[in-house]
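What follows is one structure encoded as structure tokens, with my remarks underneath.
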Amino acid sequence: MHSDLTVLELNRSVKTVLQAGFPDPVWVRGIVTGLRRVSGRGHSYFQLADTSGPGKQPDAVVDCALFAGDRSRISLEAGRHGKLFQLENNTEVRILVSVSFYDRSGRFQLIMKGFDAEFAGEAAAATLQRLVARLSREGVLTENGTLPLPGVPLSVGLVTSKGSAAETDFLKTLDESGYPFRVFAAYATMQGNSTSESVCAAFNRLVTSPVSLDAVVLTRGGGSATDLAWFNDERVARTIAQLPWPVISAIGHEIDTTLPDYAAHTRAKTPTHAASVLVDTVAAFDDAVSVLKHSLVSSVSPKILMESMRIKNLVSGLTVHLASLPSRKADELHRLASGLSISVAAKLHSLLAQITEAEKQIEMRDPEKMLKLGWAVVRDTDGLPLRSVKQVTQNQIIRISMNRGSLTAVVKEIEDD
């Protein structure tokens with residue numbers, strides 16, 4: 001025969017059974033949904049749901065509570081391990097809970113006491129694989145890989161969190177290489193709901209900037225699977241596919257894989273490894289140039305030596321030639337002077353002979369001498385010489401100049417031969 005129980009008695013019995021069945025906290029995994037925080041008190045309430053296929057209702061859900069005191073303790077514990085504790089909707093988590101049953105309301109819920117920051121949820125992995133499969137069929141994941149990585153990628157875009165360890169490690173590795181890298185940073189949020197939007201915006205800022213880039217690095221340090229799952233957004237992959245430069249993805253550690261790793265030109269294990277990829281590429285080019293330089297020197301050196309010897313011989317011969325040039329030129333000038341002296345003397349002698357002959361001719365034609373020889377000069381009254389009888393007329397007065405004096409006469413008779 002069954003005894004009658006009040007509602008409170010029943011609830012307390014159920015609570016006793018539950019406490020006996022779960023005396024210690026247990027680990028439970030599921031998807032966070034319906035997360036809400038009670039303002040002012042610091043408590044958070046949410047539901048934990050079993051994973052299910054796309055578009056399907058979860059197989060089961062349970063109410064959960066995270067009280068302010070437990071939140072502070074969990075955050076401090078995560079911080080001591082270099083992690084950031086943050087609950088977000090639609091993320092798969094593994095949490096430590098105590099089973100609770102409130103007998104006054106008959107409410108069953110889990111009280112969160114711990115958080116596994118290293119948990120990699122099955123749902124996140126499945127979601128990533130579905131994205132990879134779909135974007136691969138569309139050809140999105142191979143676009144960036146077709147871009148060539150320049151042989152000397154010294155101008156680099158960097159998408160990361162400002163002041164992060166990832167940024168420090170990356171820049172330190174580049175600086176230690178000794179090569180003249182130039183880094184243009186576009187900072188982004190690398191955790192939380194705004195991750196994909198912020199990363200895409202950072203890529204777009206690099207696209208619209210006036211700088212000329214050879215490659216772009218997307219990087220953040222290690223974190224939990226939940227932290228890194230924020231990068232598994234197809235908007236990030238599609239943006240990478242449209243970029244004009246090869247992208248190096250370095251998110252998390254070697255064991256971590258995110259969607260940008262599939263979409264990028266090159267996947268690096270860590271931020272330091274991403275820098276090493278660039279350094280090694282430049283170093284390979286440097287080595288190739290050095291090999292070519294040595295090869296060129298080896299092939300050209302003998303020719304340079306031969307040409308050097310030929311030039312030395314030419315210089316030596318020219319020196320001897322120039323040394324004897326003054327004496328040879330002096331002899332040549334002496335010969336020219338002697339020839340010129342003889343030529344000038346002969347020319348002068350010929351000119352003197354011509355002058356003497358001209359003087360004789362002038363002397364022979366001197367009027368005074370002609371008059372002394374008995375010749376006379378006949379002129380008209382104007383003093384003009386009369387050279388022919390045709391210039392005179394009968395009864396014309398003429399003047400006749402002789403050796404000693406002159407006379408005036410009248411033409412009486414003209415005889416023409």
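Could you give log10 I(q)/I(0) at q = 0.13 Å⁻¹ for the chain, computed by the Debye formula over C-alpha point scatterers of equal weight, without solvent?
With one equal scatterer per Cα and no solvent, log10 I(q)/I(0) is -1.15.
Restricting to DSSP H runs of at least four residues, report the calculated mean residue ellipticity at 222 nm for the chain, -39500 (n - 2.57) per run over all residues, nearest 500 deg cm²/dmol.
Result for the chain, helices only: -15500 deg cm²/dmol.
Assuming a viscosity of 1.306 mPa s and a temperature of 10 °C, what translational diffusion coefficient in µm² per second does Stokes-Einstein assign to region 87-200, Rh being the Kirkwood radius over Cα pairs?
84
Give the Rg (one decimal place) followed by the Dmax (whole number) of region 224-346, computed from C-alpha coordinates and expressed in Å.
Expressed in Å, the Cα Rg and Dmax of region 224-346 come to 38.1, 121.
Taking K and R as +1 and D and E as -1, what net charge do the other residues with C-beta under 10 Å from the C-beta of residue 151 add up to?
Summing Lys and Arg as +1 and Asp and Glu as -1 gives -2.
Of the residues 215, 166, 133, which exhibits the maximal mean-square fluctuation in a Gaussian network model of the chain defined by a 10 Å Cα contact cut-off?
Highest fluctuation of the listed residues: 133.
Report, in debye and to the nearest 20, how large the dipole of region 7-119 comes out about its Cα centre when Lys and Arg carry +1 and Asp and Glu carry -1 on their Cβ.
Magnitude of the dipole: close to 380 debye.
Mind checking which lysines have their Cα closer than 22 Å to the Cα of residue 15? Skip sequence neighbours fewer than 8 apart in that chain.
Cα-Cα hits under 22 Å: 113.
Between 346, 376, 241, where does the largest GNM mean-square fluctuation fall for the chain, given springs only between Cα atoms within less than 10 Å?
376
How far, in degrees from 0 to 90, does helix 7-21 lean away from the longest principal axis of the Cα atoms of the chain, to the nearest 10?
Tilt relative to the chain: about 60 degrees.
Could you check the simple spin-label distance between residue 408 and residue 197, using points 7 Å along Cα→Cβ, in nm with one decimal?
Between residue 408 and residue 197, the label points sit 14.6 nm apart.
With contacts defined as alpha carbon pairs under 8 Å and 6 or more residues apart, what's the relative contact order of region 194-334 in percent?
This gives 19 percent for region 194-334.
Would you look at the GNM of the chain, springs on alpha carbons closer than 10 Å, and say which of 38, 216, 156 moves the most?
Maximum among the listed residues: 38.
Kirkwood Rh, region 7-119, all Cα pairs: how many Å?
Hydrodynamic radius (Kirkwood, Cα only) of region 7-119 equals 15.1 Å.
Sequence-distant or interchain residues sharing an amide H contact under 5 Å with residue 158, placed H: which?
Result for residue 158 returns 184, 185, 186, 217.
For region 234-312, which GluC sites (Glu not before Pro) are in a loop by DSSP, counting at most 14 other Cβ atoms within 10 Å?
For GluC sites (Glu not before Pro) across region 234-312 that sit outside H, G, I, E and B with at most 14 neighbouring Cβ atoms in 10 Å, the list reads 254.
Non-local amide H neighbours of residue 115 (under 5 Å, H modeled in plane, Pro and chain starts lacking H): which ones?
96
Using R₀ = 35 Å, calculate the FRET efficiency as 1/(1 + (r/R₀)^6) where r is the Cβ-Cβ separation of residue 314 and residue 287; round to 0.05.
Calculated transfer efficiency: 0.30.
For region 124-284, count all C-alpha to C-alpha pairs, find those more than 18 Å apart, and express that count as a whole percent of the total.
Roughly 54 percent, once rounded to a whole number.
If the only charges are +1 at each Lys and Arg Cβ and -1 at each Asp and Glu Cβ, what is the size of the charge dipole of region 124-284 around the Cα centre, to the nearest 20 debye?
300
Using the C-alpha atoms of region 218-279, what convex hull volume per residue, in cubic angstrom, is computed?
Expressed per residue, the convex hull around the Cα atoms of region 218-279 is 63 Å³.
Determine the sum of side-chain charges near residue 185: Lys and Arg each +1, Asp and Glu each -1, restricted to other residues whose C-beta is under 9 angstrom from that of residue 185.
Here the count lands on 0.
How much length, in nm to one decimal, is gained on full extension between residue 242 and residue 50, taken as 0.36 nm per residue of separation minus their Cα-Cα distance?
Value of the extension gain: 65.5 nm.
No value in this document is a laboratory result; all are computed from the given coordinates. All figures in this text were calculated on a predicted structure; none of them were measured in a lab. Because the Cβ atoms are built from the backbone with ideal geometry, glycine has one as well, and the counts that use them run over all protein chains shown.
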